[in-house]
Amino acid sequence: MRPFFPGREPGRPVFVAHRGASDRALENSPAAFALAVSDGADMIEFDIRLSSDRVPVVFHDTRTGRTAKENLAVARTPAARLRAVRLKNGEKLPFLADVLEIVGGKVPINIESKASGGIAAAAKALSKAGYGGELLLSSGRRDECLAARDLLPGIPCGLVTRRPSASDLAFCLRHGLSSIHPSRRLLTVLRLRKVAASGIPLLPYTVDDPAEAFVLSAAGAVGVFSNRARTLREVWNGR
């Protein structure tokens, strides 16, 4: 199994900034990423999709309407058109190259591929940028996890899933994935025990309550994805 980034402080869970500092800025926006970098986040997570001409765009949904001023289908829109889209906070919709420049290797990043071919496009963008910062790849698509292992074998990759099934755990073990990222809503005591027994590092999403984060940590989670990552870290350090 490939190593997983263990956190910046030994003995403390990794509090991953979910879509940037999304409690204080619009999710997956340049402002959210800049804030998370300023916070010295343990790690910043963000999503990528592909434009119609296969350029990686940092966006969670299939359409832009929820967080942007226009409602376009990302996969059916060319990059040049998407570059003209403004988010609801007035900023431009960011592409992967933009986020790599904002972060600049200052903190680790988790790139989650939402589309088939996303990992291949990310690999090209990372190579073009000469990016040397710490990375974690992930996807809820098994084909993307396999692409990560083939194209970027030296970079850890996690499987995103709603619930960590026996099939999910077997897939992670068979292909040497670094971690599993399930929904915290679907984690039962039995499932937590099964993940712990497998030895696969567990990072649930999305955990905003400090008490819940600490319970999951005590149950074996190496960290959590959170919209309030800075707050969780501050509460942990102040205990």
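The values are calculated or read from the model by the stated rules, or taken from the named source; none is laboratory data. This structure is a prediction, so every number in the text was calculated from the model and none was measured. Neighbour counts are summed over all protein chains in view; Cβ atoms, including those assigned to glycine, are modelled from backbone coordinates with ideal geometry. All accessible areas refer to the heavy atoms of the entire protein, side chains included, with ligands and DNA or RNA removed. Shrake-Rupley method; radii C 1.70, N 1.55, O 1.52, S 1.80 Å.
Could you list which residues have their amide H under 5 Å from that of residue 57, counting only those 5 or more apart in sequence or on another chain, with H placed in the peptide plane?
The answer is 49, 50, 51, 96.
Of the candidates 219, 36, 122, which one comes out as most mobile in a Gaussian network treatment of the chain with C-alpha springs shorter than 10 Å?
Residue with maximal mean-square fluctuation among 219, 36, 122: 219.
Given only helices, namely DSSP H runs of n ≥ 4 each adding -39500 (n - 2.57), what is the per-residue ellipticity at 222 nm of the chain, to the nearest 500 deg cm²/dmol? Mind dumping the intermediate values first?
Numbers: 9 runs with 81 residues, N = 239.
Mean residue ellipticity, 222 nm, calculated: -9500 deg cm²/dmol.
Each label point is 7 Å from the Cα along the Cα-to-Cβ direction; what then is the distance between the points at residue 54 and residue 24, in nm?
Placing both labels 7 Å along Cα→Cβ, they lie 3.9 nm apart.
Please list, ordered by chain and number, the residues whose modelled amide H lies under 5 Å from the amide H of residue 43; skip anything fewer than 5 residues away on the same chain.
17
Tell me, what HN-Hα J-couplings in whole Hz come from the Karplus equation 6.51 cos²θ - 1.76 cosθ + 1.60 at θ = phi - 60° for each residue of the range 124-131, using x for Gly and Pro?
5, 5, 5, 5, 4, 7, x, 6
To test your reading of the geometry: what angle, between 0 and 90 degrees and rounded to tens, separates the Cα axis of helix 142-151 from the longest principal axis of the chain?
So the helix axis and the longest Cα principal axis differ by about 80 degrees.
Whole-Hz ³J(HN,Hα) for each residue in the range 217-228, computed from phi via Karplus 6.51 cos²θ - 1.76 cosθ + 1.60 with θ = phi - 60°, x for glycine and proline: what do you get?
5, 5, 7, x, 5, 7, x, 9, 8, 8, 6, 10
Using a basic spin-label model with each label point 7 Å from the Cα along Cα→Cβ, how many nm lie between residue 219 and residue 183?
1.5
If I build a Gaussian network model for the chain, linking alpha-carbon pairs within less than 10 angstrom, which residue out of 19, 49, 162 has the largest mean-square fluctuation?
162
What is the spin-label model distance, in nm, from residue 128 to residue 86 if the labels are put 7 Å beyond Cα along the C-beta direction?
So the label points at residue 128 and residue 86 sit 2.6 nm apart.
Under the Karplus relation 6.51 cos²θ - 1.76 cosθ + 1.60, θ = phi - 60°, what is the ordered set of whole-Hz ³J(HN,Hα) values for the range 183-189, x standing for Gly and Pro?
Working through the residues one at a time gives 5, 5, 5, 10, 8, 9, 4 Hz.
As an exercise, use a Förster radius of 25 Å and the Cβ-Cβ distance of residue 70 and residue 97 to find the FRET efficiency, rounded to the nearest 0.05.
On the way: r = 21 Å, r/R0 = 0.84.
Once rounded, the FRET efficiency stands at 0.75.
Residue farthest toward the positive end of the dipole of the range 124-239, with Cβ of Lys/Arg at +1 and Asp/Glu at -1: which of 198, 138, 238?
Among 198, 138, 238, the one farthest towards the positive end of the dipole of the range 124-239 is 198.
Whenever you get a sec, compute what percent of the accessible area on the chain sits on carbon and sulfur atoms (1.4 Å probe).
Working: 5310 of 10250 Å².
Carbon and sulfur together cover 52 percent of it.
Taking the highest mean first, how do the peptides 65-78, 22-35, 97-110 order by number of other beta carbon atoms within 10 angstrom per residue? Let's see the in-between values first.
Details: 65-78: 15.4, 22-35: 21.3, 97-110: 19.1.
Descending mean neighbour count gives 22-35, 97-110, 65-78.
Can you tell me the FRET efficiency between residue 190 and residue 38 if r is taken as the Cβ-Cβ distance and R0 is 41 Å, rounded to the nearest 0.05? Numbers along the way, then the final one.
Numbers: r = 40 Å, r/R0 = 0.98.
For R0 = 41 Å, the calculated efficiency reads 0.55.
Which of [x] 58, 38, 33; [y] 54, 46, 42; [z] 48, 39, 31 is the computed Cα extents along the principal axes in Å for the structure on display?
[z]
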